[in-house]
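The values are calculated or read from the model by the stated rules, or taken from the named source; none is laboratory data. From a predicted model like this one, the values you see are computed outputs, not experimental measurements. Neighbour counts run over all protein chains shown; Cβ positions are idealised from the backbone, glycine included.
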């Protein structure tokens with residue numbers, strides 16, 4: 001217990017940990033019902049084709065198969081797109097990407113279901129398709145959709161570039177090619193649909209039960225009220241269970257509806273890797289200029305996102321990329337253009353950072369390039385331009401309230417890096433050492449464009465023994481939302497956190513709370529809980545006051561008791577207060593609601609306040625590079641984060657440590673090898689995510705000087721923890737090898753190519 | 001496919017199962033014995049979520065045929081503590097924040113328990129030998145902390 005006897009800022013055991021560590025937590029795959037069928041999907045293995053007919057006759061002959069359904073069997077709308085109605089649930093006349101579904105199957109065993117799925121045959125007329133977003137936007141390119149391949153363009157236009165350029169003495173230009181990433185949550189996509197005449201319950205591994213509710217209702221043609229979605233314990237998500245799970249859920253619900261039996265759909269890993277959304281690959285072109293004193297004068301950024309075959313959330317991802325393109329730097333003249341293009345590649349979706357990591361990687365690469373051109377240390381160039389006490393206006397013209405912590409994060413991280421020790425000694429060999437720095441300006445919660453979703457619902461029910469049940473609309477997927485909600489509720493009610501049970505979201509217990517994304521889980525659940533507790537106290541405080549013999553306004557809660565302000569000895573147990581409420585039949589349940597504040601923003605110019613407030617962070621990476629083999633070891637990462645207020649220390653640190661290591665994978669090894677839209681490495685043998693043997697030593701500095709508008713002044717951490725790492729690693733590698741690398745990931749061939757001139761076998765290279 | 005009879009000691013208890021000859025140990029545990037604590041993350045021996053102790057050795061149970069376990073001693077996450085409610089590593093994982101989404105956790109604590117059982121307490125050695133258990137949430141830091149904390153506990157075996 002810290003903070004005056006509350007759990008705030010402490011590290012009490014997470015409420016979900018004990019069940020998880022003993023194997024008692026029931027994920028979807030651990031739940032089987034009598035009569036339950038197993039689903040499978042028949043997926044395309046080409047990325048572009050016209051579809052003649054789909055033949056399910058052989059699939060139906062497989063023993064144990066109960067149903068095979070195609071597009072014509074969908075009772076409602078055959079549509080699954082979150083924002084644009086561009087994605088059919090089941091293929092009609094076109095295949096647009098590998099993984100498009102011809103049919104769904106339900107059978108008595110998973111083996112029979114998947115065997116049946118492979119027996120579905122489709123008559124296809126292959127099309128060339130388009131697999132490069134630059135080609136996709138050229139005149140005459142194959143159109144992925146009738147509307148053309150340009151989905152949307154976003155801009156930021158601020159200041160006079162021409163005038164500013166005249167004052168720049170150094171201009172650097174670069175073209176960055178930044179690859180995508182697979183979420184690689186340990187639990188593949190999973191859902192279970194349970195039909196009852198006229199309505200259906202879906203249990204799903206997901207981030208956004210309300211998205212699934214909408215998707216299933218549309219596909220089955222049911223009112224929203226007839227679709228109940230309960231979030232199952234979720235084995236990792238990272239954005240991969242934001243938009244995507246509506247697809248498997250709709251498939252399972254469809255089959256359950258047809259067969260009138262529970263249907264469970266578990267994705268085999270290979271299908272999960274091949275068919276689900278990815279972090280967007282981006283091309284980012286930069287032209288930035290600075291004057292002799294090392295002050296940034298202008299920045300021009302052109303971003304192109306490969307949306308893949310369906311828009312999904314790509315425009316929303318692009319919106320954040322667009323607003324994040326300049327970073328936490330003071331630049332008077334800014335031009336940003338962000339375009340989204342359809343291709344026949346796997347489709348991009350939400351992934352931790354949501355478009356910001358790619359543009360951050362680019363702006364931090366350019367800062368280092370500029371520093372080298374100017375003969376300044378990269379840290380020094382950042383000091384001269386970073387937002388801080390004197391510079392408080394962002395690239396979109398938003399003036400931030402003091403204190404602005406980017407500069408403080410920079411100094412803290414640089415100091416922590418110098419003091420840090422590597423986790424392990426290097427194996428024998430020739431190693432070059434380098435240090436790299438990267439900053440992020442993270443817009444907390446949803447962008448202005450998605451603000452209608454920035455809301456949340458909570459229910460708090462006081463129990464007769466003084467414990468409390470809490471329901472929220474935001475999900476636990478490993479990040480710690482349960483413990484954050486528990487901490488906030490326990491602090492507000494003044495009771496021990498073990499007496500607060502937060503249950504997983506269920507669409508029938510709380511109102512639509514929007515998605516659990518944008519690092520807003522603790523923020524949105526916490527503020528809704530605080531509102532519910534405020535409402536409860538309007539009823540509780542008068543009862544407590546009567547029992548204590550004081551005024552309701554004097555009632556304080558803490559230590560599992562109500563007490564009188566200024567008279568700490570005068571207390572009554574919470575249990576007794578609630579029992580008195582029950583005896584008098586006073587309502588012991590309250591709802592709470594949160595919505596973000598309205599703000600000004602002009603989508604045409606990109607100017608205004610895209611976000612309400614910001615979290616800043618700086619990561620400094622130290623690496624060792626074997627220039628002959630192109631191997632990189634990340635030895636140490638120092639992370640300084642502007643967190644507002646710590647709610648739960650272990651959960652917060654866990655987000656930072658996990659974010660850094662996941663970003664290290666993206667930076668170095670996690671290459672999506674696509675050939676004509678098909679993933680060539682759909683397995684963990686050749687899609688390499690970091691292991692315990694790769695993890696760097698990590699030092700963390702938490703800055704609590706600048707409160708956010710989250711509960712108790714907190715700010716989100718899920719994404720800021722990820723965003724700067726890859727850029728810091730890139731800059732460290734470039735520092736080590738003395739060459740610029742403009743591609744991500746920095747795989748051995750990319751590094752060897754970059755050091756080609758000094759490589760002992762350079763004469764063999766083309 | 002014919003069926004086979006497999007007798008083994010499962011979490012300290014003598015058990016006999018009649019299973020199809022091609023049954024994986026993972027499926028015997030989850031579907032026949034009802035021990036769903038062991039997870040399937042990839043089905044290809046790449047992720048470690050299905051790790052169990054087979055005669056004391058941590059193995060991915062998705063790559064082990066049930067029929068090959070005749071006479072074997074198998075311990076799953078449910079049996080890790082033995083007579084105790086929790087193995088010291090399980091307790092340390094709870095106390096040190098080593099658990100996030102939890103899907104890798106049964107495999108991690110099972111491999112970790114084997115490391116401790118064999119006196120492997122040096123963090124780098126632990127990191128090297130835990131590399132078959134992928135975790136996507138924690139960055140491994142707090143798992144290492146939990147391993148260190150559990151190693152410091154007085155052995156009560």
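Within region A:531-551, identify whether any single residue is at positive phi and either surrounded by 18 or more Cβ atoms within 10 Å (Cβ to Cβ) or out of contact with any strand residue (DSSP E or B) (no Cβ under 7 Å at 6 or more places or on another chain) (or both), and answer yes or no. Break it down stepwise before answering.
Of the residues in region A:531-551, the ones at positive phi are A:549.
Filter once more, so that each one left must be either surrounded by 18 or more Cβ atoms within 10 Å (Cβ to Cβ) or out of contact with any strand residue (DSSP E or B) (no Cβ under 7 Å at 6 or more places or on another chain) (or both): A:549.
Yes: region A:531-551 contains one or more residues that are at positive phi and either surrounded by 18 or more Cβ atoms within 10 Å (Cβ to Cβ) or out of contact with any strand residue (DSSP E or B) (no Cβ under 7 Å at 6 or more places or on another chain) (or both).
Hey, among the residues in region B:14-42 that are more than 15 Å from the chain's Cα centre (by Cα) and in a loop (DSSP other than H, G, I, E, B), which one's nearest to the other protein chains (Cβ to nearest Cβ)?
Looking at the filtered set, the residue picked out is B:42.
Is at least one residue of region B:43-62 more than 8 Å from chain A (Cβ to nearest Cβ) and in a helix (DSSP H, G or I)? Explain how you work it out, then say what you get.
Here is the first cut: in region B:43-62, the ones more than 8 Å from chain A (Cβ to nearest Cβ) are B:45, B:48, B:50-62.
Next cut, in a helix (DSSP H, G or I) only: B:61-62.
Yes, the conditions are met somewhere in region B:43-62.
Suppose we filter region A:403-450 for residues that are assigned to a helix (DSSP H, G or I), in contact with a strand residue (DSSP E or B) (Cβ under 6 Å, 6 or more places away or on another chain) and farther than 30 Å from residue A:612 by Cβ; how many remain?
Of the residues in that region, 1 qualify.
Would you say residue A:229 is more than 28 Å from residue B:49 (Cβ to Cβ) and in contact (Cβ under 8 Å) with a residue 40 or more places away in the chain? I'd like the intermediate steps shown before the answer.
Values: more than 28 Å from residue B:49 (Cβ to Cβ): no; in contact (Cβ under 8 Å) with a residue 40 or more places away in the chain: yes.
No; evaluated as a whole, the condition is false for this residue.
If residue B:91 meets every condition in (1) at the interface with chain A (Cβ under 9 Å from one of its Cβ atoms); (2) closer than 18 Å to residue B:60 by Cβ; (3) part of a helix (DSSP H, G or I) apart from one, which number is that one?
Looking at each condition in turn, residue B:91 falls short on (2).
Would you confirm whether any residue within region B:106-127 is outside any helix (DSSP H, G or I), crowded, with 24+ Cβ neighbours inside 10 Å, within 13 Å of another protein chain (Cβ to nearest Cβ) and in contact (Cβ under 8 Å) with a residue 12 or more places away in the chain?
Here is the first cut: in region B:106-127, the residues outside any helix (DSSP H, G or I) are B:118-122.
Restricting the remaining residues to those that are crowded, with 24+ Cβ neighbours inside 10 Å gives none.
No, region B:106-127 contains no residue that is outside any helix (DSSP H, G or I), crowded, with 24+ Cβ neighbours inside 10 Å, within 13 Å of another protein chain (Cβ to nearest Cβ) and in contact (Cβ under 8 Å) with a residue 12 or more places away in the chain.
Would you mind finding the one in A:216, A:170 that is buried (at least 16 other Cβ atoms within 10 Å of the Cβ), more than 23 Å from the chain's Cα centre (by Cα) and in contact (Cβ under 8 Å) with a residue 12 or more places away in the chain?
Numbers: A:216 fails: more than 23 Å from the chain's Cα centre (by Cα).
Exactly one residue qualifies, and that residue is A:170.
Which one of A:270, A:300 is assigned to a helix (DSSP H, G or I) and surrounded by fewer than 24 Cβ atoms within 10 Å (Cβ to Cβ)?
Details: A:300 fails: assigned to a helix (DSSP H, G or I).
Sole residue among the options that is assigned to a helix (DSSP H, G or I) and surrounded by fewer than 24 Cβ atoms within 10 Å (Cβ to Cβ): A:270.
Would you point out the residue of region A:21-44, among those that are without any contact (Cβ under 8 Å) to a residue 60 or more places away in the chain and touching a helix residue (DSSP H, G or I) at 6+ places or on another chain (Cβ under 7 Å), that is farthest from the other protein chains (Cβ to nearest Cβ)?
A:22
In region A:2-20, what residues are part of a loop (DSSP other than H, G, I, E, B) and touching a helix residue (DSSP H, G or I) at 6+ places or on another chain (Cβ under 9 Å)? Full working, then the answer.
Initial filter on region A:2-20 (part of a loop (DSSP other than H, G, I, E, B)): A:3-5, A:7-9, A:11-16.
Hits for region A:2-20 are A:3, A:7, A:8, A:9, A:11, A:12, A:13, A:14, A:15, A:16.
List the number of the failed condition for residue B:99; all other conditions in (1) more than 11 Å from chain A (Cβ to nearest Cβ); (2) over 14 Å from the mean Cα position of the chain (by Cα); (3) outside any helix (DSSP H, G or I) hold.
(1)
Looking at region A:508-529, can you tell me whether even one residue there is assigned by TED's automatic domain parsing to the domain that holds residue A:487, closer than 23 Å to residue A:573 by Cα and either touching a helix residue (DSSP H, G or I) at 6+ places or on another chain (Cβ under 9 Å) or modelled with pLDDT of 95 or more (or both)? Break it down into steps so the answer makes sense when it comes.
The first filter runs over region A:508-529 and keeps only residues assigned by TED's automatic domain parsing to the domain that holds residue A:487, leaving A:508-529.
Next, only the ones that are closer than 23 Å to residue A:573 by Cα stay: A:529.
Applying the additional criterion that residues be either touching a helix residue (DSSP H, G or I) at 6+ places or on another chain (Cβ under 9 Å) or modelled with pLDDT of 95 or more (or both) yields A:529.
Among the residues of region A:508-529, at least one is assigned by TED's automatic domain parsing to the domain that holds residue A:487, closer than 23 Å to residue A:573 by Cα and either touching a helix residue (DSSP H, G or I) at 6+ places or on another chain (Cβ under 9 Å) or modelled with pLDDT of 95 or more (or both), which makes the answer yes.
Which residue is nearest to residue A:266 (Cα to Cα), if the candidates are limited to region A:173-191 and must be surrounded by 22 or more Cβ atoms within 10 Å (Cβ to Cβ), away from chain B (no Cβ under 14 Å) and in contact with a helix residue (DSSP H, G or I) (Cβ under 7 Å, 6 or more places away or on another chain)?
This residue is A:191.
On the basis of being part of a strand (DSSP E or B) and more than 29 Å from residue A:304 (Cβ to Cβ), does residue A:172 make the cut? Outline the logic, then answer.
Working: part of a strand (DSSP E or B): yes; more than 29 Å from residue A:304 (Cβ to Cβ): no.
So residue A:172 fails the test.
Output the residue which, of all residues in region A:219-240 that are over 20 Å from the mean Cα position of the chain (by Cα) and in a strand (DSSP E or B), is farthest from the other protein chains (Cβ to nearest Cβ).
A:227
When residue A:648 is evaluated against the numbered criteria (1) within 13 Å of chain B (Cβ to nearest Cβ); (2) touching a helix residue (DSSP H, G or I) at 6+ places or on another chain (Cβ under 6 Å); (3) within 27 Å of residue B:47 (Cβ to Cβ), which criterion, by number, is the only one it fails?
(3)
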